[in-house]
Every structure is written in C-alpha cells, then in structure tokens.
Amino acid sequence: MSRIPVAILGATGMVGQRFVQLLQDHPWFELVELAASDRSAGKRYENAAPWRLAGANPLAGSRVVAATPEAVRAPLVFSALDKAVAAEVEPAFVRAGRIVVSNASAFRMDEAVPLIIPEINPHHIEWVRDARRQGAGFILTNPNCTCIPMTMALAPLNRHFGVEAVTVASYQAISGAGYPGESAWDILGNVHPHPGDEEQKVAEEPRKILGAAMPGAAQLAAFPISARCVRVPVVDGHLVAVSVRLRENPTVDQVKEVLSSFRGPITLPSLPERPIVLTAARDRPTPRTDADTGAGMTVTVGRIEACEVLTIKFFALAHNVIRGAAGAAIANAELIVERGLLG
Ligand code: NAP
C-alpha cells in the first residue's frame, strides 16, 4: 500500500523530536509536515529548535509550519502539544475532519475519547466508529508516561486475580518534563516531588484503560489508586514502585507466570514481541539498563515479592518518551489503520 501522509503538531519539542526519529522509514506512515508554534513557523526545522536526540537531525532542512488545519494538510496528525495548547488546537483539527492521535492530557479523561494501550484495551477504539462513518474527525489518546509501566503490569493481574487497590510511587526522568523542563537548581543532585497534576493523572488514567467497555463512553475500573510522583535526575526512563491488593491471593510464582506470559491481542509494526519482560536481578529494572528494551516499547518488571501491607509489590519501568509518548501514539495510529478507521 502507499504510505499514509502524517504530520506532527509540536514537532520541535521533546516528544515531537522522538516522533520525527521513530517515523523515519515507518512502513505505513510518511511524515510530510512538521508544525509548531508561531515562534517556529516559517523556520527550517534545524533552526527552530536544536536537535536533542542521538544522531543527525533527519529533517534538518524541512520548513516548520503553523499548527493549524489550514497550514497542515495531512489526514492524520500526531499531537505533542502542551496541554493548554492542545485544548484549543486539537478540536480545530477534529472540526476539519482530521484524526488527532494525541499525547497531551487535555482530552484523555473526556468520557467519549478513547485512551488506549493497544495490548490492553484496543476495543475502546470502537467508540469513535460511528463518528468516523459520518466522516467526522476524532481524537485518540495514549496515557501519561508514568501510567504506562504500572498499567501494563496491572492489566494481566486484574484479568487473572482482580485488582482491589493500588499504591504507586514514581521515579520520573527529566525528559518527561519536556524541554527545557525543570531548572538545574531543582533537579541536579536532588529529587523533586512533582508539583503539577501528575498524581491525579496516575490515579485516574489506568482506571479508564482497565474500565469496562461501554458503547461510546468510559466506565472507570472500581479500584482506588494512591499515587506519589517524584522527578529524579535521570534522562530517560520512568520507574514505578507498585503495591497492589488482589482479590485472589496468588503466589509470587503465579504472578510472575501471569506477567511473563502476557501478550496483546493484536500485532502492529510498533508493538514489541513481548509487552512485558521480567528481570530476576535484585537491582533492576533501572533506567540505564532497561529503558531501551524492545526498542523502548517493552516494560520491564522486577523485584516481584509478597507485600506486607497489600498482596504483591513490584517495580516496573518504561521509556517515557517512546512507550510513554511518541511510540505509544504511533502504535495507536497503527491501530486506527488496522481497524479500518482511517478512510
Ligand atoms: P515540549 O518539549 O515543551 O514541546 C512542546 C511543543 O509544543 C513544542 O514543539 C512547541 O513548539 C509546541 N507549542 C508550544 N506552544 C504552542 C502553540 N501556541 N502553538 C503550537 N505549538 C506550540 O513538551 P513535550 O515534553 O514534548 O510534551 C508534549 C506533550 O506530550 C505534552 O502535552 C506532554 O504532557 C505530553 N507528554 C510528554 C511526555 C514526555 O515524556 N516528555 C510523555 C507523555 C506525554 P515551539 O518550539 O515552537 O515552542
């Protein structure tokens, strides 16, 4: 098939640059437009923002355009916009009949907007099918970067043993704050409790993903999540320490078996062969050793042990800008194509 033209809104940012990197030579998508703010529009991509990833900027000479439906013509756009900007810009693209695959949190908890991890709840995409039949645009979102490692592990545990309550503490990389992110004063030689609404996102979004599929709307899973979020001086890779109370009382070995045998129901170009890998090492997962597993799309889980307070505790880690952002959105766009929702 000929490749589908796509664009990036927020192409100069931390997530936007990852999109550029990951979309090079994509089998289904051809990146044709880069959009950002008025500060960047009209500039060559290499002049709008310095390239912050390893290797050369693959689109250095491309011209950045404004993030408007008039300037961007692609039928499918990836959004790596700040929340407040996304709240204005994404609906404008939907009104113009476009598909918006978004990383931003602006509409993640909107009850008619699917919030999807393809291995877990691809069926939630059906909420937009009616709108699409009538030719309307829609927004599809992926979760917050800290939700990814915990939700990937909670999904098979919920299916097999029933999740009743969760506590989570995060150790989040600085790339999760975008560029320039936190000041050096706050993060160098320091750890920094998250001052924003991260804990609320981590407490809500997994419950939407693991909630019952209702026609056209979300029903949140019933269990509570208590979250504490902290930024640490690490470049890429969010680690979470999770404790979970399970309805059934599985052994540690049963939990390990359920997590290591977990597979999603579909195959897509950006999904790894194994969504979860387990590590037996006492001192892993760590961002340095495990964030790039499965080309940054695999979640690594370790230190699975009986919990003295709830039932089971473990650490889980994911690459926050790949599995937690650009890679997650590209997989969601592949799901749109696979489900025949593009045309
Ligand atoms: P970032 O580095 O601050 O980049 C923000 C982007 O938005 C830049 O391209 C910027 O363009 C553009 N922008 C700002 N104001 C604009 C406007 N008025 N009109 C059009 N474009 C505008 O942020 P980021 O870390 O890439 O995050 C992007 C989004 O992804 C956020 O919603 C964030 O919450 C979400 N997210 C991030 C991560 C992560 O790990 N970083 C993970 C999951 C989700 P200019 O360069 O022209 O200003």
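The values are calculated or read from the model by the stated rules, or taken from the named source; none is laboratory data. Being a predicted model, the structure only gives us computed values, none of them experimental. Glycine also receives a Cβ, built like all others from the backbone with ideal geometry; neighbour counts cover every protein chain displayed. What goes into the accessible areas is simple: the full protein's heavy atoms, side chains included, and nothing from ligands, DNA or RNA. Shrake-Rupley method; radii C 1.70, N 1.55, O 1.52, S 1.80 Å.
Couple of notes before you dig in:
- Spatial separation of Cα centroids for the stretch 260-305 and the stretch 7-58, in angstrom: 27
- HIS192 - accessible surface, heavy atoms, 1.4 Å probe, Å² rounded to 10: 40
- Using the Cβ of PRO122 as centre and a radius below 11 Å, the other residues enclosed give a net charge of -3, where K and R count +1 and D and E count -1.
- Accessible area in the full protein assembly, largest first, 1.4 Å probe, for ARG282, ARG98, ARG52: ARG282, ARG52, ARG98
- Sulfur and carbon atoms: percent of accessible area, the stretch 147-319 [1.4 Å]: 52
- The heavy atoms of ASP186 present about 50 square angstrom of accessible area, all protein chains included, probe 1.4 Å.
- The chain: antiparallel DSSP beta bridges as a percent of all, rounded to 5: 45
- FRET efficiency for GLU257 and GLU46, using Cβ-Cβ distance with R0 set to 51 Å, rounded to 0.05: 0.55
- DSSP beta bridges in the stretch 147-319 [antiparallel fraction, %, rounded to 5]: 70
- Accessible surface for the stretch 147-202, divided over its residues, is 44 Å² per residue with a 1.4 Å probe.
- Pairwise label distance in nanometres, VAL235 with GLU88, each label 7 Å out on the Cα-Cβ vector: 3.4
- When DSSP beta bridges are restricted to pairs lying wholly in the stretch 66-171, around 0% turn out antiparallel.
- Net +/- balance of residues flanking ARG73 in space, Cβ distance below 13 Å, scoring K and R +1, D and E -1: -2
- Centroid-to-centroid separation of the stretch 228-246 and the stretch 87-124 [C-alpha atoms, Å]: 25
- Cα-based shape type of the stretch 147-319, given that a ≥ b ≥ c are square roots of the gyration tensor eigenvalues and the cut on a/c is 1.5: rounded
- If R0 is taken as 22 Å, the Cβ-Cβ distance between ALA131 and ILE266 corresponds to a FRET efficiency of 0.50.
- Accessible area (Å², 1.4 Å probe, nearest 10) - TRP28: 60
- Ranked by solvent-accessible area (1.4 Å probe, protein heavy atoms only, all chains present), the residues MET109, MET152 order from largest to smallest as MET109, MET152.
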